[in-house]
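Notes for the one structure printed next.
The values are calculated or read from the model by the stated rules, or taken from the named source; none is laboratory data. All values reported here derive from a predicted model rather than from experimental measurement. Backbone-built Cβ (ideal geometry, glycine too); neighbour counts: all protein chains shown. Remember, those area values only see protein heavy atoms, side chains included, never the ligands or the DNA or RNA. Shrake-Rupley method; radii C 1.70, N 1.55, O 1.52, S 1.80 Å.
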Amino acid sequence: MLEELNTIVESAGLPVETGVFSGTAPEEYVVITPISEHFALFSDDTPGMNIEEARLSLFSKKNYTQRKDLLIRMLLTAGFVVTDRRYIEHEADTGYHHVAIDVAKETEEN
């Protein structure tokens, strides 16, 4: 799932890293944080479905609305379920707006 999320974010024209942004932060970027991975829909003592969840944290010193909306459309088109989206805060010390987009994706287990 992380590879697919990275591809989506890069396709939106945003730099992306997992866990923490390690380089010099540009005006806009995304950090992906894995939240959970669990099995669901058990049958005959074996899982039938794997569900992965992650948070995309969009950081922007600009108007973040268009980027947020673009990411959400791209995620939905790619089959992700957007489980939450919220404005976290404006970080006064860095000047970034922080927006969180939580997603989940289900895959069948064989």
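Can you work out which of the residues in the stretch 5-26 that are touching a residue at least 12 places away in the same chain (Cβ under 8 Å) and among the small types (G, A, S) is nearest to K61 (Cα to Cα)? Top of the filtered list is A25. Any residue that is among the hydrophobic types (A, V, I, L, M, F, W, C), under 19 Å from K105 (Cα atoms), open to solvent by 40 Å² or more (accessible area, probe 1.4 Å) and in contact with a helix residue (DSSP H, G or I) (Cβ under 7 Å, 6 or more places away or on another chain) - is there at least one of those in the stretch 53-74? Checked the stretch 53-74: at least one residue is among the hydrophobic types (A, V, I, L, M, F, W, C), under 19 Å from K105 (Cα atoms), open to solvent by 40 Å² or more (accessible area, probe 1.4 Å) and in contact with a helix residue (DSSP H, G or I) (Cβ under 7 Å, 6 or more places away or on another chain). The criterion of at least 3 residues that are aromatic (F, W, Y), under 16 Å from E3 (Cβ atoms) and within 13 Å of the chain's Cα centre (by Cα) is met by none of the strands (runs of 3 or more DSSP E) falling completely within the stretch 15-96.
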